[in-house]
Each structure stands twice: as C-alpha cells, then as structure tokens.
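Sharing a structure with you now.
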Amino acid sequence: MLERHLIPRTYACRVGLGTHAAIRQARVWAGRYALALHLDVTKFFPSIDHEILLRQLEHDVPCEKTVALCARIIEAGRELAGGTHWHFPGDDLLAPLSRRTGLPIGNLTSQHFANRYLSPVDHRATDRLRIHAYLRYMDDMLIFADDRAQLEGWGHAIEEACWRQRLRLHPWQVVPTRQGITWLGFRIRPGEVRVKRTSVVRAKKRLARLLADASADPAKWYVGPFLLRCAARTYDG
C-alpha cells in the first residue's frame, strides 16, 4: 500500500533495490553528467511530523484499524526519537511546540513510514521539475546535470518541497562529478567507486578491537590480519 506511491528511483528498504543498486546507478550518471548535487535532511527521523505522516497513511490504507495501529506505533516511539521543534514558513510563534514529531531510528516500521513521508518530494522532483537523473536513499538525495544554474534551481525547489513536509536540509552546493561525490559511505567519481577512507579507518579499528578480544584460536588470528590488509587496499586515497 505504501510502495505504490514511491518512484522507481527510491532505493532504501525495497526488494530488489538497496544500497548497491543505488551506488551502481549513481556511478552511471556520474559518468554522463558534469555536475552533481547531494541533498540530505537534517535530523530526518526526529523531524518527521506525526500529523503529516498520519494523513498519508489514512490516504494509503483503507482499513481504519490498521491506521489506528500505525498511530499507536508512531506515538509509542516518540520519546525514543527526540523530536525537533523548528519554525517553517506560515508558522506562528508557538506552532512548533504544538506538533508531535519523531520516529525511532532502527524500527522497520520507521523505515517504511519515512520512505513514504518523503515521496511528495520525490514526485516534486521527477513529475513537476522533470529531473531525469534523480535518486534517493532514505533522506539522501542525489541529482546530476550539466548546467550549474539548473541544478541550483532544482536544489531550491526541492528545499521548498521539504519545508512543506516540515523538514530542513543541510547546507548544500553543486560539485563537479570529476571531483567526486560522497554518498552512502562511498566516494563516487566517473568510472570509479571507492569506500570512504573514514569508513575503512573505522572498520580497521573495529577489527583491531575484535582481534584484541579474540581467543587464541589460530583461525581467528589468521583471518583478522588478512581482512585488515584487504581494508587497507580499499580506502579512498
């Protein structure tokens, strides 16, 4: 019921898609276009507005009992989510304090609700703005084009669409694809994708801790250094 509202280029938590499919498509477009724009939402899960989300669920789900159950799940996780209280165009002074916000990160229901929550932004990008090279993984959006002014205009339009969902974006800027785009833990350039250096550093530290805590099992001590050597070859230098 929620899936039917999602565009094909939304990759998170969907059968047959996922991180690697998103990276593959981003790599293709990085080779075709000169410029890229990465947009991501500030404190996405804590910022999701319950009233807006429930309106979407009431629209999608014909069963009142199911919607009521979803409402209980959403409300139950509010204390864990640590909601935000930001002003948006049209708000009065106390409006943010009267709104319930936040979904707990990690719940599978939160993943699906969050996917649906941003679908109006996706449709704004693909249906209204007619952006061909657009893809999203949860709250991370990536757009490609050859014209800087066009990309900046699209960025401002998508930012306004996010405001309608009571979401804020991190500061953003257009970058040349040859310079590289950091997205979903990878560094993407035309014809090349590498794991972020910081991700590899964290992995090596974690492996070192596991080795320190390991037993004297010879197999464990053999595999650990091998993985460390592999990780050292994959970082983005």
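At R0 = 30 Å, how high is the FRET efficiency between residue 1 and residue 95 if r is their beta carbon distance? Nearest 0.05 is fine. Before the final figure, lay out the partial values.
Working: r = 30 Å, r/R0 = 1.01.
Calculated transfer efficiency: 0.50.
What are the residues whose amide H is under 5 Å from the amide H of residue 195, where those residues sit 5 or more places off or on another chain and H is modelled from the backbone?
187
While we're here: Give, as a single signed number, the net charge of other residues whose beta carbon lies under 15 Å from the beta carbon of residue 111, with Lys and Arg counted +1 and Asp and Glu -1.
Values: positive: 14, 116, 136; negative: 3, 139, 140.
Net charge in that neighbourhood comes out at 0.
Taking the 0 to 90 degree range and rounding to the nearest ten, how far is the long axis of helix 148-164 tilted relative to the main principal axis of the chain, both from C-alpha atoms?
Between helix and principal axis, roughly 60 degrees.
Can you give me the angle between helix 50-60 and the longest principal axis of the chain, using Cα atoms only, in degrees from 0 to 90, rounded to the nearest 10?
Here the helix axis deviates by roughly 80 degrees.
Specify the angular offset, from 0 to 90 degrees and rounded to the nearest 10, of the alpha carbon long axis of helix 108-117 from the longest principal axis of the alpha carbons in the chain.
60 degrees
Then there is this: Along the charge dipole of the chain, Cβ charges K/R +1 and D/E -1, which of 153, 35, 8 sits furthest on the positive end?
Farthest towards the positive pole: 35.
Ok, one more. When a/c is below 1.5 the answer is rounded, else prolate if a/b is larger than b/c, else oblate, so apply that to segment 1-109 with a ≥ b ≥ c taken from the square roots of the Cα gyration tensor eigenvalues. Show your work: numbers first, answer last.
Working: a/c = 2.24, a/b = 1.45, b/c = 1.55.
It is oblate, given that a/c is not under 1.5 and a/b is not larger than b/c.
Which FRET efficiency, nearest 0.05, do residue 128 and residue 210 yield, Cβ-Cβ r, R0 41 Å?
Details: r = 49 Å, r/R0 = 1.20.
The formula returns an efficiency of 0.25 here.
Could I ask something else about it? Taking θ as phi - 60°, what are the ³J(HN,Hα) couplings along segment 65-70 by the Karplus curve (6.51, -1.76, 1.60), each to the nearest whole Hz, with x for Gly and Pro?
Each residue's phi maps through the Karplus curve to give 5, 5, 4, 5, 5, 4 Hz.
At 7 Å along Cα-to-Cβ for each site, give me the label-to-label distance between residue 202 and residue 170 in nm.
Going by the 7 Å Cα→Cβ label model, 1.2 nm.
Using a 1.4 Å probe and ignoring any ligands, DNA or RNA, find the accessible area of residue 17 and quote it in Å² to the nearest 10.
60 Å²
Rolling a 1.4 Å sphere over the protein heavy atoms, what is the accessible area per residue of segment 88-128, to the nearest Å²? All intermediate terms of the calculation are to be shown ahead of the outcome.
Values: 2070 Å² over 41 residues.
Dividing the accessible area of segment 88-128 by its residue count gives 50 Å².
Taking a 1.4 Å probe, which of 147, 140 shows the most accessible area, and what order do the others take after it? Before the final figure, lay out the partial values.
Working: 147 75, 140 35 Å².
The residues order as 147, 140, largest area first.
Here are some values of Rg and Dmax of the Cα atoms in Å: (1) 20.6, 66; (2) 17.2, 52; (3) 18.8, 55. Which one was computed from this structure?
So the structure-derived entry is (1).
Rounded to the nearest 0.05, what FRET efficiency is calculated for residue 66 and residue 19 with R0 set to 35 Å and r the Cβ-Cβ distance?
Values: r = 29 Å, r/R0 = 0.84.
Efficiency for this residue pair is about 0.75.
Roughly how many debye, to the nearest 20, is the charge dipole of the chain about its Cα centre, given +1 on each Lys and Arg Cβ, -1 on each Asp and Glu Cβ, and no other charges? Mind dumping the intermediate values first?
Working: 36 positive and 24 negative charges, 236 e Å.
In debye, rounded to 20, the chain gives about 1140.
The values are calculated or read from the model by the stated rules, or taken from the named source; none is laboratory data. These numbers come from a predicted model, not from an experiment. With ideal geometry, Cβ positions are generated from the backbone for all residues, glycine too; neighbour counts draw on all protein chains shown. These accessible areas exclude ligands, DNA and RNA; they are computed on the full protein's heavy atoms, side chains included. Shrake-Rupley method; radii C 1.70, N 1.55, O 1.52, S 1.80 Å.
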